[in-house]
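Quick note: the coordinates plus some simple rules give every number you see, no bench work behind them. On a predicted model such as this, the values are computed, not experimentally measured, just so you know. Quick reminder, even Gly has a Cβ in these numbers, built from the backbone with ideal geometry, and neighbours come from all protein chains shown.
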Protein chains: 2
Amino acid sequence: MRVRVLIRPKAGILDPQGKAVERALPALGFGGVANVHVGRLVELDVASLDEAEQMCERLLANTLIEDYEVQQA
Amino acid sequence: MRVRVLIRPKAGILDPQGKAVERALPALGFGGVANVHVGRLVELDVASLDEAEQMCERLLANTLIEDYEVQQA
């Protein structure tokens with residue numbers, strides 16, 4: 001099955017990429033942008049959603065500073 | 001509105017992060033993993049999906065080597 005994993009910085013953890021985007025957008029003429037967060041997207045073929053969650057715990061995400069969400073793609 | 005942008009390497013473009021994950025997983029005991037792709041996830045508050053697409057064209061994605069997909073979160 002095709003699975004999509006969304007990996008985001010945990011709430012309260014510094015997100016410098018998000019901050020950089022949030023500052024750059026107004027300079028390009030895009031006003032009113034807020035709460036920008038940048039994370040990672042991993043898509044892969046696996047046997048089950050459960051296996052994908054185990055992969056997140058062991059390799060794909062740094063669970064100390066990141067949250068992950070596994071979805072069927 | 002809350003918008004989610006999925007950014008992926010274009011088909012045919014080298015994806016070294018994806019390859020690294022694909023090689024690392026079997027070493028951790030996860031067999032049968034295939035077609036791993038690693039991209040970026042950007043989540044932000046914007047006025048419209050259309051505005052988010054313009055942001056992708058101008059800042060968020062490198063359209064030479066990346067495809068993007070804008071979704072309402």
One decimal, nm, nearest first: from A:L59 to the same residue in each other copy, label points 7 Å out along Cα→Cβ, the values are 3.5
Between the Cα axis of helix A:16-27 and the main Cα principal axis of chain A, the angle (0 to 90°, nearest 10) is 40
Relative contact order as a percentage, chain B, C-alpha pairs under 8 Å and 6+ apart, gives 53
So, in nm and shortest first, the distances from A:G12 to its counterparts in the other copies, with label points 7 Å along Cα→Cβ, work out as 4.8
Net charge (Lys, Arg +1; Asp, Glu -1) of residues whose beta-carbon lies under 15 Å from that of A:K10, A:K10 excluded, is -4
Sorted shortest first, the nm distances from the A:N35 label point (7 Å along Cα→Cβ) to its counterparts in the other copies are 3.3
Here the equivalent ellipsoid of the protein assembly as shown, derived from its Cα gyration tensor, has semi-axes (largest first, whole Å) of 28, 16, 13
Per the helix-only model, chain A has a calculated mean residue ellipticity at 222 nm (DSSP H runs of ≥4, -39500 (n - 2.57) each, divided over all residues, rounded to the nearest 500) of -7500 deg cm²/dmol
Taking the axis of the rotation relating chain B to chain A, the B residue whose Cβ comes closest, together with that distance in whole Å, is B:L41, 2
Residue by residue through the stretch A:5-10, the couplings from Karplus 6.51 cos²θ - 1.76 cosθ + 1.60 with θ = phi - 60°, in Hz, x for Gly and Pro, are 10, 9, 10, 10, x, 4
